[in-house]
Amino acid sequence: MKIAVCVKHVPDGRVRLDPGTKRIDRSGDGALNRVDSNALEEALRLKDSSQADVVLVSLGPPGATESLLTGLALGADRAVLVSDPLAEGSDLVATSRLLAAALERESPDLVLFGQQSSDGAGGLLWGAVAERLRRPLVSQAAELAVGDGSVRVTRQSESGDDVIDAPLPALVGVSDSINEPRYASLRGRMGAKKKPMDVLALGDLGVSPEEAGEAGSRTVVLGIVPPAARGSTVRLEDAEAAPAAIVEFLVGRDLL
Amino acid sequence: MKAVVFLEHRGGELARGALGVLSKAATLGEPVAAAIVGGPDVKALVPQAGRYGASSVYVVESGDVADPLPQPRVDALAAIVAAGGFDTVLLANSVLAGDVAAGLAVRLDGGVNWDLVDLSVRDGQLVGVRPALGDSIVVEVGWRSGPQIALFRAGSFEPVPVEGPEPEVHEVAVATEPHSVLARLVEQRLQQQSAGPSIEDADVVVAGGMGLGAAENFSLAEALADALGGVVGATRAAVYAGWYPYSAQVGQTGKTVAPKLYVALGISGAVQHKVGMQNAKTIVAVNSDPNAPIFEFSDLAVVGDVHAVVPELIELVRQRRQGAS
Ligand SMILES: Cc1cc2nc3c(=O)[nH]c(=O)nc-3n(C[C@H](O)[C@H](O)[C@H](O)COP(=O)(O)OP(=O)(O)OC[C@H]3O[C@@H](n4cnc5c(N)ncnc54)[C@H](O)[C@@H]3O)c2cc1C
Ligand SMILES: Nc1ncnc2c1ncn2[C@@H]1O[C@H](COP(=O)(O)O)[C@@H](O)[C@H]1O
């Protein structure tokens, strides 16, 4: 079985918006999006239990190779990075077009996604990629089992757990509650650099420049506005006097 | 703008968040339509949509869309958009609605802006407001071309009932795409509804986080909730630790609450928790870290150890209540 794991290289630490381009500043250090390691872990467990080829697929700046090395050190077999200046500024529809094209080349049986990127925070990409690939999709997977040509997923939703079956090939977005990701071993880290990593440009994917980056995007950031002012916060620093002060506060607001 | 609002429903009720979006859309100056998609009998929800401002309701009623799965809903909404000639689709975020919005954007070659907390029309253009980067900034977003899809942060708008004529009903037939019906729901384990008010309807929510230190310390949250006449909520971290059931989880992947009073005990205030409770009228937080992010959006910030503050607080609240009655 072949499993593709979509992983994102996200800015490390405090994320900022470039006031000029109104895009996320990706010039600084980055790291593997934390919850994408849950998707990778799930793939590695399937590999451990039933043999699977695990390929990482990512769209990002050249520096994203760093996050892919992290994934390879954890146990993925290969990595594919789509990196092209023409892809910068891609929104959800443009990103999904590029990733779908990269996935199409791999034709995996199962595509896994993390729960959310820390910078984009849409938790949406899988829905767009599934529509492009015309494959079944299940998101928010708290449990995942691969059976005979199909997956069974327990999806966590607002109203409870839904058990959903889908025939392979399929796409699954995992919840960060699905597993506890492993740490890379020293051996894993040493071996990572020797594993294959392909870096692809738009041309390699057959995607034209008008379909990528801002040109291929349907949304735009118009401006940055100051956050709305909140009412003022009353602070109580003296823990001993706090209980009585809280009661007084609640009474003052007619809550008690 | 010709907008349609996707009205999700659960357990025979239209979702509050979706009705809030409908109410908001109705204030933007043009008649607004609603889309209801589901199995047999879903038409029964039409009057409710009318009460919250829909002037027309597009209904797809079919066995193919009976289960709460996103892909057949992309087919249904695409059919509704075509039937009504809509250029804008508005959705309240949920596990289901997010997947629908993303799929629909690709299907219609439109754009999707998500996590919006407000929407307006400026110079004839739709403008969305979105807190971003862990709510550290707020950006205004727009659409370049194609159908405009807007996904709103849970709980952004209150549903407001309005007087008006019965909405016009349009039934739309849908032909599902082959890939849309491959995923199948085999079982639904609905959450147990505990007795008393549900966490979404309670006036007071006392929520506990990792700062409570252990599962048994949730008894502090329970006792305080009891004294204040409220119910208990929890962070995802506490739920994962097995300290409290998932049904009590507040936040992006749990419940959205807007009580009169929200008391946060040992909760850091991560943005994923914040989105589920920021619309509480009054927020009181107890946290031992003076720099805890939750203090940035609390009305009363109590710097202290929950074990030092809460037991006495419970006592004082009880005394006060007894004295008052
Ligand atoms: C995609 C995604 C979705 C998520 N969805 C949700 C969601 O729906 N709901 C949710 O809650 N989270 C959600 N999270 C998780 C969220 O990011 C935080 O990890 C979580 O909310 C933290 O929970 P916490 O505040 O209990 O724990 P922590 O962040 O560990 O905070 C504990 C706090 O307790 C304080 N403390 C410690 N000891 C004491 C003491 N003795 N007295 C007083 N204070 C003390 C500490 O100072 C700290 O601020 C989600 C995360 C992701 C990535
Ligand atoms: N640029 C990217 N390259 C590869 N995978 C991505 C990228 N962006 C997002 N993803 C995947 O999609 C998931 C959801 O991302 P998002 O919709 O941005 O919150 C992430 O957890 C990743 O698994």
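The values are calculated or read from the model by the stated rules, or taken from the named source; none is laboratory data. What you are looking at is a predicted structure, and each value in this text was computed from that prediction instead of being measured. Counting neighbours? That spans all protein chains shown, and the Cβs are built from the backbone with ideal geometry, glycine included. Surface areas here come from the heavy atoms of the whole protein model, side chains and all, with no ligands, DNA or RNA. Shrake-Rupley method; radii C 1.70, N 1.55, O 1.52, S 1.80 Å.
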On average, how many beta carbons from a partner chain sit within 10 Å of the beta carbon of a residue in A:114-125? 5
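With the contact rule set at Cα under 8 Å and sequence spacing of 6 or more, what percent relative contact order holds for the range B:28-99?
On the way: 79 pairs, mean separation 21.5, N = 72.
With pairs under 8 Å counted, the relative contact order is 30 percent.
Below 8 Å, C-alpha to C-alpha, sequence gap of six or more: please give me the relative contact order for chain A in percent.
Values: 483 pairs, mean separation 59.7, N = 256.
Relative CO of chain A lands at 23 percent.
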Quick one: if you stick a label point 7 Å off each Cα along the C-beta vector at B:Val181 and A:Asp198, how many nm between them? 3.5 nm
Report the calculated FRET efficiency for A:Ala244 and B:Lys281 (r = Cβ-Cβ distance, R0 = 22 Å), to the nearest 0.05. 0.50
When B and A pair up, the total accessible heavy-atom area removed from solvent (1.4 Å probe), in Å² to nearest 100, is 6800 Å²
Could you list the residues of the range B:244-276 with an amide nitrogen less than 17 Å from a label point located 7 Å from the Cα of A:Thr233 in the Cα-to-C-beta direction? B:262-276
Note the angle between two axes, namely the Cα long axis of helix A:36-50 and the longest principal axis of the Cα atoms of chain A, as a number of degrees from 0 to 90, rounded to the nearest 10. 50 degrees
Taking the Cα centre of the protein assembly as shown as origin, sum charge times position over the Cβ atoms of Lys and Arg (+1) and Asp and Glu (-1), and report the length of that vector in debye to the nearest 20. 700 debye
When ranked by the protection proxy of mean other Cβ atoms within 10 Å per residue, highest first, what sequence do the peptides A:70-79, A:22-31, A:36-45 form? A:36-45, A:70-79, A:22-31
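Just the accessible area per residue of chain A, please: how many Å² with a 1.4 Å probe?
Roughly 44 Å² per residue, with all protein chains present.
For chain B, what's the relative contact order in percent, using C-alpha pairs closer than 8 Å and at least 6 residues apart?
Values: 700 pairs, mean separation 46.1, N = 325.
Rounded, it is 14 percent for chain B.
Percent of accessible area on the range A:124-256 owned by carbon and sulfur, 1.4 Å probe? Working shown, then result.
Values: 3390 of 6570 Å².
With neighbouring chains kept in place, the figure for the range A:124-256 is 52 percent.
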Using only protein heavy atoms and a 1.4 Å probe, report how much of B:His307 is accessible, in Å² to the nearest 10. 90 Å²
Considering only protein heavy atoms and a probe of 1.4 Å, how much of the accessible area of chain B is carbon and sulfur, as a whole percent? 49 percent
Where does each of B:248-259, B:167-178, A:102-113, B:128-139 land if you order them by average Cβ count within 10 Å, highest first? B:248-259, A:102-113, B:128-139, B:167-178
Where in the range B:24-44 is the amide nitrogen less than 19 Å from a point lying 7 Å along the Cα-to-Cβ axis of B:Asp201? none
Identify the residues of the range B:32-58 with backbone N under 20 Å of a label point that sits 7 angstrom from the Cα of B:His170 along the Cα-to-Cβ direction, or state none. B:32-39, B:42-58
Along the dipole axis of the range A:103-165 (charges at Cβ: +1 for Lys and Arg, -1 for Asp and Glu; origin at the Cα centre), the most positive-end residue among A:Ala142, A:Gly114, A:Trp126 is A:Trp126
Please check the range A:74-104 for residues whose accessible area, probe 1.4 Å, is lower by 40 Å² or more when all protein chains are in place than in their chain alone. A:Leu92, A:Val93
For peptides B:117-127, B:230-240, sequence by mean Cβ density within 10 Å, most packed first: B:230-240, B:117-127
Using unit Cβ charges (K, R positive; D, E negative) and no other charged atoms, how large, in debye to the nearest 20, is the dipole of the range A:1-91 about its Cα centre? 140 debye
Accessible area per residue in Å² at 1.4 Å probe, computed on chain B: 39 Å²
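Please say if chain B is rounded, prolate or oblate, where rounded means a/c under 1.5 for a ≥ b ≥ c the square roots of the C-alpha gyration tensor eigenvalues, and otherwise the choice is prolate for a/b larger than b/c and oblate otherwise?
Values: a/c = 2.07, a/b = 1.86, b/c = 1.12.
The shape class here is prolate.
Could you order A:Lys193, B:Lys2 by accessible surface area, starting with the largest, using a probe radius of 1.4 Å?
Numbers: A:Lys193 160, B:Lys2 95 Å².
The ordering from most to least exposed comes out as A:Lys193, B:Lys2.
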Spacing of the two label points (7 Å from each Cα toward its C-beta) at A:Arg187 and B:Asp123, in nm: 6.3 nm
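Could you work out the helix-only [θ] at 222 nm for chain A, with each DSSP H run of four or more residues adding -39,500 (n - 2.57) and the total divided by the number of residues, to the nearest 500 deg cm²/dmol? Write out the running numbers ahead of the final one.
On the way: 7 runs with 71 residues, N = 256.
Counting only the DSSP helices, I get -8000 deg cm²/dmol.
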Lys/Arg Cβ at +1, Asp/Glu Cβ at -1, dipole of the protein assembly as shown taken about the Cα centre: which of B:Val306, B:Gly103, A:Ala87 is farthest positive-ward? A:Ala87
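Assigning unit charges at the beta carbon (Lys, Arg +1; Asp, Glu -1) and nothing else, what dipole magnitude in debye, to the nearest 20, does the range B:220-318 show about its Cα centre?
So the dipole magnitude of the range B:220-318 works out to roughly 420 debye.
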0 to 90° range, to nearest 10: angle between helix B:218-228 axis and chain B longest Cα axis: 80 degrees
Using a/c under 1.5 as the rounded threshold, could you call chain A rounded, prolate or oblate? The axes a ≥ b ≥ c are square roots of the C-alpha gyration tensor eigenvalues, and prolate needs a/b larger than b/c, oblate otherwise. prolate
Report, as an integer, the average count of C-beta atoms from other chains found within 10 Å of each Cβ along A:164-174. 3
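Which number gives the lysine pairs in the protein assembly as shown that have C-alpha atoms under 16 Å apart and are eight or more places apart or on different chains? Display every interim value, and only then the final one.
Working: A:Lys2/A:Lys47; B:Lys2/B:Lys24; B:Lys255/B:Lys274; B:Lys260/B:Lys274; B:Lys260/B:Lys281.
Close lysine pairs under the 16 Å cut-off: 5.
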Between A:Asp109 and A:Arg134, what is the spin-label point distance in nm, taking each point 7 Å from the Cα along the Cα→C-beta axis? 2.3 nm
In the range B:72-148, with Lys and Arg counted as +1 and Asp and Glu as -1 at Cβ, which of these residues, B:Val121, B:Ile80, B:Leu91, has the Cα nearest the positive end of the dipole, that is, farthest along it? B:Ile80
Reduction of at least 30 Å² in accessible surface, 1.4 Å probe, comparing all protein chains with the chain by itself, residues of the range B:86-121: B:Val95, B:Asp99, B:Ala102, B:Val106, B:Asp109, B:Val112, B:Trp114
Taking only Cα atoms, what is the 0 to 90° angle, nearest 10, from helix A:92-106's long axis to the longest principal axis of chain A? 30 degrees
Here FRET efficiency (C-beta to C-beta, B:Gln319 to B:Glu158, R₀ 35 Å, nearest 0.05) is 0.50
